[in-house]
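J.: Next up is a structure, given as structure tokens.
Derivation of every value follows stated rules applied to the coordinates shown; laboratory data play no part. This structure is a prediction, so every number in the text was calculated from the model and none was measured. Methodologically, a virtual Cβ is constructed for each residue, glycine included, from the backbone with ideal geometry; neighbour enumeration extends over all protein chains shown.
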Amino acid sequence: MSEKNDSNPNETELDTEHWLQAYEQMVKIRTFEETANDLYTSARMPGITHLYIGEEAIAVGICEALRQDDYITSTHRGHGHCLAKGADLDRMFAELLGKEAGYCRGKGGSMHIADQETGNLGANGIVGGSAGIATGAGMSIKLRGTDQVSVCFFGDGALGQGLLYESMNMAQLWKLPVIYVCENNQYGEYTHNSKTAAGSMVGRASGFGVHAQAIDGQDIRTVHATARLVIERARKGGGPAFLVCNTYRFRGHHVGDIDRPYRTREEEAEWAKRDPLTLLEDWLLKSEQAEKQVLERIQQEVKTAVDDAVAFAEEASFPSESEVDRHVYA
Amino acid sequence: MSTLENGTRCSPAIHAPGERQITFGQAIREAIAEEMARDENVFVIGEDVAEAGSVFKVLVGLLDEFGPERVIDSPISEAGIAGIGVGAAITGMRPIVDIMFGDFTTLVMDQLVNQAAKTHYMSGGKLTVPMVLRTTLGASRRSAAQHSQSLHALFSHIPGLKVALPATPYDAKGLMKTAIRDDNPVVIFEDKMLYQEKGPVPEEEYTLPLGQADVKRTGEDITIIATSSMVYVGLEAADKLASIGISAELIDPRTTNPLDSDTLIQSAKKTSRALVLDEGYRQYGVTGEIASVIADGAFYYLDAPVKRIGAMNVPVPFSPAMEDLTIPDADDVVETAKAMCAGDS
């Protein structure tokens, strides 16, 4: 099920410099994920990982509308959120490789990256598991009387989890500044959401009186403009919002899911026409805000930074044995 | 607080004369009120905690004292409020999440076990979850199988959580205050049957460390290790045993995680016998863990196998005629202790 997109809000124009920054962030996520896949296929990375490729416009569109002291919670498919909120490539790769220099000293890995300095309260291996945490951060903001906001990223798979509904109910009751961002990438693991989600997605939130809308998650301009409106509204005490961002998981559920028997190559090809990076590139070129060389230079710079980060992570040391029982308790 | 010869600290006698006597429920309330006054980041959230003052009336008056922003009536959404607790704790608050009955903690399992308990570790020590989850345990209220369980063993199993189960008003207040100040998630189990129990609680401020057992009665022949309301069952049994010439020492671990193994082992070495008494289901429970700790630590000093008494391995039945059979009583303890001391256990 793909929710019908609501009409675009009035676009909030960023200047060219900021669009190029957003472009760089999206390229960074794409390159990070392609590299993570390479690390997996060449057996240089322990475990598996879930790639965000195809969904970059959402994380970047939302996070470019946030301040550093705003909070996010993320998912098992979370690298994009972490990077978009400001995480460094070095420490991200180091965490994926289980190194002590990683964001979590190698204790979290791909699915649990947390970075307090950029307001990232942690990616979560439990689908929908962070709905309460993001809402609690909203409660904390309200009690402390600041004008921060809290963004809860989750996939359409989380629509099956009751915690989400308990949380949205309370967020609306108490007008908490929480933005629930449903990245509707069509599949919960290997199952299309037409088999798992009855009725309306936005209706789930609007039933609580939460401001809810479905938008095109492939177009960063739409995502960003919508995000700014609901985030500013939440900052001013207007309460929570729920965005269904229609998107597509370009790769499998995880790096090892390469056959994807649960969907057709034709469906994938249709969505590939709406690659969020290409859409932004085309617009930047067409609106004459950037020339092709500028975009290529950004891609090259990101590639170099990613290569350097991988080298850093591969050279970094594994945690010592004494690390294993540290941090069980504060 | 006095100090025994072996260095173990001992709280005031359960019915010490002369001191201010308040109920267990009042002690909990006092602890929470004092900590809320001391630290503006402390707040209470739960079902019926504000206007009703909780179903057991333990929190009556908090709403008037601290207002609805800090004493928050929630929907009946246990997982949701636990999640709110975790998120608020990570971002600088010190929430007290109130789960009305211990049986309902099954609804917050993910938030406690996968989120609260693991956040500090998974983040490499960067995030902390200074949250208290208070709930109940204990049968005998004729409330049947979904309002009578003692599920503290489930949480004691989980690294990253701390678990306290006070038996006296003095312990309840001291442990609650410490739990609120602790930077880790702490689950406090209060026996519903103890709320009206009175005991000495000093006027002046004090806290009690988590992970320090308390000797409730000294003895020479057998060590009874008892938790929560089973402390009273154990003390009643100790009186009966004294009348037949058996001197029982009674130790309350007060927290099951961390567990004060040293004090338990030391006492077992001294008396050479240990009997563990707890209201959780006997199978895979707190009694099994403590018995194992003592067997490991005091084996060569023991004159009898470590014995344990827990709730019967059945869902708690409604009918009084059956419910009482499922809960350990003093006679069970006396019979077991006698057999152990007679050498025919």
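J.: With an 8 Å cut-off on Cα pairs and a minimum separation of 6 or more residues, tell me the relative contact order of chain B in percent.
T.: Answer for chain B is 17 percent.
J.: With θ taken as phi - 60° and the coefficients 6.51, -1.76 and 1.60, list the Karplus ³J(HN,Hα) couplings across region B:204-209 in order, rounded to whole Hz; mark glycine and proline as x.
T.: Running phi through 6.51 cos²θ - 1.76 cosθ + 1.60 with θ = phi - 60° gives 6, 5, 7, 10, 10, x Hz.
J.: I'd like to know how region A:31-101 sits against the 2.2 N^0.38 Å rule of thumb: what's its Cα Rg over that expected value?
T.: 1.13
J.: Here is a follow-up. Express the relative contact order of chain A as a whole percentage, based on alpha carbon pairs under 8 Å and six or more residues apart in sequence.
T.: 24 percent
J.: Treating the beta-carbon of each Lys and Arg as +1 and of each Asp and Glu as -1, no other charges, what is the dipole magnitude of region A:24-104 about its Cα centre, to the nearest 20 debye?
T.: Roughly 160 debye for region A:24-104.
J.: Still on this model: Work out the mean other chain Cβ neighbour count within 10 Å for the residues of A:139-146 and drop it here as an integer.
T.: Averaged over the peptide's residues, the number is 6.
J.: Let me ask another. Would any residue of region A:91-135 have its amide N under 12 Å from a label point 7 Å out along Cα→Cβ of A:S317? List them or say none.
T.: Backbone N within reach: A:100-101.
J.: Using a ≥ b ≥ c from the Cα gyration tensor of region B:190-323 (square roots of the eigenvalues), is it rounded, prolate or oblate, where a/c under 1.5 gives rounded and otherwise the larger of a/b and b/c decides, a/b for prolate?
T.: Rounded, because the longest to shortest axis ratio a/c is under 1.5.
J.: Could you work out the helix-only [θ] at 222 nm for chain B, with each DSSP H run of four or more residues adding -39,500 (n - 2.57) and the total divided by the number of residues, to the nearest 500 deg cm²/dmol?
T.: Value at 222 nm, helices only: -10000 deg cm²/dmol.
J.: How big, on average over all directions, is the shadow cast by the Cα convex hull of region B:261-324, in nm²?
T.: 4.7 nm²
J.: Calculate the dipole size of region B:214-341 relative to its Cα centre from +1 charges on Lys and Arg beta carbons and -1 charges on Asp and Glu beta carbons; express the result in debye to the nearest 20.
T.: Here the size comes out at about 260 debye.
J.: What pairs in B:K240/B:K269; A:K107/B:K216; A:K236/B:K162; A:K195/A:K273; B:K192/B:K216 have C-alpha atoms more than 30 Å from each other?
T.: Among B:K240/B:K269; A:K107/B:K216; A:K236/B:K162; A:K195/A:K273; B:K192/B:K216, the Cα-Cα distance tops 30 Å for A:K107/B:K216; A:K236/B:K162.
J.: For region A:16-315, just list the percent of Cα-Cα distances falling in each 20 Å bin from zero outward, please.
T.: Result returned by the calculation: 36, 59, 5.
J.: Name the residue farthest towards the positive end of the dipole of region A:16-315 from the options A:L284, A:H253, A:T31, assuming +1 on Cβ of Lys and Arg, -1 on Cβ of Asp and Glu, about the Cα centre.
T.: Highest projection toward the positive end goes to A:H253.
J.: Give me the net charge of A:H254's neighbourhood, meaning all other residues with Cβ under 13 Å from the Cβ of A:H254; Lys, Arg count +1, Asp, Glu -1.
T.: Its environment carries a net charge of 0.
J.: Using a basic spin-label model with each label point 7 Å from the Cα along Cα→Cβ, how many nm lie between B:V55 and A:K292?
T.: 7.0 nm
J.: If every alpha-carbon in region B:96-135 counts as one equal scatterer, what log10 I(q)/I(0) does Debye give at q = 0.20, 0.24, 0.27, 0.35 1/Å?
T.: Cα-only, vacuum Debye calculation for region B:96-135: -0.61, -0.79, -0.90, -1.15.
J.: A further question on this structure: Gaussian network model of chain A, Cα springs within a sub-10 Å range: biggest mean-square fluctuation belongs to which of A:T49, A:T222, A:T191?
T.: Judging by the Gaussian network model, the answer is A:T191.
J.: Further question: Which chymotrypsin sites (Phe, Trp or Tyr not before Pro) in region A:146-240 sit in a loop by DSSP (not H, G, I, E or B) and have at most 13 other Cβ atoms within 10 Å of their own Cβ?
T.: For chymotrypsin sites (Phe, Trp or Tyr not before Pro) across region A:146-240 that sit outside H, G, I, E and B with at most 13 neighbouring Cβ atoms in 10 Å, the list reads A:Y190.
J.: Taking region B:156-264, which GluC sites (Glu not before Pro) meet the DSSP loop condition and have no more than 15 other C-beta atoms within 10 Å?
T.: Those satisfying the criteria are B:E203, B:E204, B:E205, B:E220.
J.: In addition: Specify whether the C-alpha gyration tensor of the protein assembly as shown places it in the rounded, prolate or oblate class, a ≥ b ≥ c being the square roots of the eigenvalues: rounded for a/c under 1.5, otherwise prolate if a/b is larger than b/c and oblate if not.
T.: Prolate, since a/c reaches 1.5 and a/b exceeds b/c.
J.: Quick check: the angle from helix B:261-271's long axis to the longest principal axis of chain B, C-alpha only, nearest 10 degrees?
T.: 20 degrees
J.: If you don't mind, another one. Enumerate the amide H contacts of B:I22 below 5 Å, restricted to partners 5 or more residues apart or on another chain; note that Pro and chain-start residues carry no placed amide H.
T.: B:G199, B:V201
J.: How much of the pair distance distribution for region B:303-345 lies past 14 Å, counting alpha-carbon pairs only, in percent?
T.: 55 percent
J.: What is the angle, in °, between the Cα long axis of helix B:286-298 and the longest principal axis of the Cα atoms in chain B? Nearest 10 is fine, range 0 to 90.
T.: Approximately 50 degrees, to the nearest 10.
J.: Using the membrane-span-like helix rule (whole DSSP H runs, Cα extent along the own axis of at least 24 Å, mean Kyte-Doolittle hydropathy at least -0.5), which helices of chain A qualify?
T.: Helices meeting the criterion: A:292-315.
J.: For a test of the definition: using alpha carbon positions, the gyration tensor, and the 1.5 limit on a/c, classify chain B as rounded, prolate or oblate.
T.: Since a/c reaches 1.5 and a/b is larger than b/c, the shape of chain B is classed as prolate.
J.: Reachable aspartates and glutamates from B:K198, Cα under 19 Å, same-chain residues fewer than 8 places away excluded?
T.: Filter leaves B:E19, B:E30, B:D171, B:E190, B:D214, B:E236, B:D252.
J.: On a 0 to 90 degree scale, rounded to 10, what angle separates helix B:330-342 from the longest Cα axis of chain B?
T.: It is inclined by approximately 40 degrees.
J.: Fewest to most neighbouring Cβ within 10 Å: what's the order for B:I251, A:I141, B:I76, A:I48?
T.: B:I76, A:I48, A:I141, B:I251
J.: Let me ask something additional. Across peptide A:180-192, what mean number of C-beta atoms from other chains lies inside 10 Å of a residue's C-beta?
T.: For peptide A:180-192, the averaged partner shielding equals 0.
J.: Next question, about the same structure. For region A:36-88, state which trypsin sites (Lys or Arg not before Pro) are in a DSSP loop and have at most 15 other beta carbons lying within 10 Å of their beta carbon.
T.: A:R44, A:R67
J.: Shifting gears a bit: With the crude spin-label approximation of a point 7 Å out along Cα→Cβ, what separation in nm comes out for A:E270 versus B:Q146?
T.: The two pseudo-label positions are separated by 4.4 nm.
J.: Region B:25-39 to region A:70-127: how many Å between their Cα centroids?
T.: Each part's Cα centre sits 37 Å from the other's.
J.: Using only the C-alpha atoms of region B:21-200, find the volume of their convex hull and express it per residue in Å³.
T.: 100 Å³
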